[in-house]
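For reference, the structure discussed in these notes is given below.
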Amino acid sequence: MPNVTHELWDAHAAEFDEQPDHGLRDPVVREAWRELLLSLLPKAPASVVDLGCGTGSLAVLLAEVGYEVCGVDLSRRMLALAEEKAAAAAGVEVEFRHGDVADPPAGAYDVVLSRHVLWAMPDPAAAVARWVGLLRPGGRLVLIEGRWSTGAGLTAAECQGHVLAHRREAGVEKLDDPALWGAEIEDERYVVTSRA
C-alpha cells in the first residue's frame, strides 16, 4: 500500500488540476463527469460527502446542480484550491473539511462519493466499513476506482469485494469513455455503486 501523507498531496496540489479528469477544465470532460454523476446519484438536493475531494472539482460540479456537498481531504493545500474554486463558482456553497478519509469526520449523508482514493488507503476494507457508517438509511456508496498500467490501484473485483463485505449489493460499471479522461485509456477504470 502507498504511504499517503498530507505532505505528498500538498506537494502535488499546484499541478493536480492539469490532468483533464482532475481539473475538469475541458468542457467535454466536465460534461461527461456531470452526466455520469447525475446518472449514479439520487436527485438533488441529496447530501453528498466527497471523500478525498482534492481540489474540489467534483464537489463544486455537484453543488452547481443543487447537491448539498461536503468535501474532505487530507491536504490543506488541496482544500485551499478547492475553496478558491467554490468561491469562483457563482452561487455555489460547499463545506470543505480537513481530515483523513481513512477515518473520516463524523457525519450522515445520502451519498458517500470517492474517486481514486480507496486504492491509496492503508486498509481499504476498514476504510469502506467507516465510509458505509457515514450513510443515512437508504444511502448510496459510489466508488470510482481503477487499476492502472503502473500496477497501482484496485481491480473492480477487489473493490466490489470490499463493498460486499458491508453491503447487500454492489454493481460495477466500466468507465472507458475517453470523454471522462480527456484521452483514450488502456487501464481498468470503473465505478462501484451500492444502493443497499
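The values are calculated or read from the model by the stated rules, or taken from the named source; none is laboratory data. What you are looking at is a predicted structure, and each value in this text was computed from that prediction instead of being measured. Cβ coordinates were reconstructed from backbone atoms using ideal geometry, including for glycine residues, and neighbour counts include every protein chain displayed. All accessible areas refer to the heavy atoms of the entire protein, side chains included, with ligands and DNA or RNA removed. Shrake-Rupley method; radii C 1.70, N 1.55, O 1.52, S 1.80 Å.
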**Request:** State the number of residues belonging to the stretch 165-191 that are closer than 20 Å to Arg30 by Cα, of a type in the set (Val, Ile, Thr) and under 17 Å from the mean Cα position of the chain (by Cα).
**Result:** 1
**Asked** All but one of (1) open to solvent by less than 40 Å² (accessible area, probe 1.4 Å); (2) in contact with a strand residue (DSSP E or B) (Cβ under 7 Å, 6 or more places away or on another chain); (3) part of a helix (DSSP H, G or I) hold for Gln160; which doesn't?
**Response** (1)
**Prompt:** If you scan the stretch 123-137, which residues turn out to be in contact with a strand residue (DSSP E or B) (Cβ under 8 Å, 6 or more places away or on another chain) and in a strand (DSSP E or B)?
**Reply:** Leu135, Arg136
**Request:** Go through the stretch 73-123 residue by residue and tally those that are among the acidic types (Asp, Glu) and open to solvent by less than 80 Å² (accessible area, probe 1.4 Å).
**Result:** 3
**Message:** Anything in the stretch 56-109 that is touching a strand residue (DSSP E or B) at 6+ places or on another chain (Cβ under 6 Å) and hydroxyl-bearing (Ser, Thr, Tyr)? List them, or say none.
**Reply:** Tyr67, Tyr109
**Message:** Would you confirm, using the coordinates I've provided, whether Trp181 is in contact with an Asp or Glu (Cβ under 6 Å, 6 or more places away or on another chain), open to solvent by less than 40 Å² (accessible area, probe 1.4 Å), under 16 Å from Asp21 (Cα atoms) and touching a residue at least 24 places away in the same chain (Cβ under 8 Å)?
**Reply:** yes
**Request:** Inspect all residues belonging to the stretch 144-155 and state whether any of them is of a type in the set (A, V, I, L, M, F, W, C) and within 14 Å of the chain's Cα centre (by Cα).
**Result:** yes
**Message:** Can you tell me which residue is modelled with the lowest pLDDT among those in the stretch 124-151 that are loosely packed, with under 14 Cβ neighbours inside 10 Å and of a type in the set (Gly, Ala, Ser)?
**Reply:** Ser149
**Asked** Given the conditions (1) part of a loop (DSSP other than H, G, I, E, B); (2) touching a residue at least 24 places away in the same chain (Cβ under 8 Å), and given that Arg97 satisfies all but one, which numbered condition is not satisfied?
**Response** (1)
**Request:** Could you check, for the stretch 108-120, whether at least one of its residues is of a type in the set (S, T, N, Q) and under 18 Å from Leu37 (Cα atoms)?
**Result:** yes
**Prompt:** Could you list, in sequence order, the residues of the stretch 29-85 that are under 11 Å from the mean Cα position of the chain (by Cα) and in a helix (DSSP H, G or I)?
**Reply:** Leu37, Ser57, Leu58, Ala59
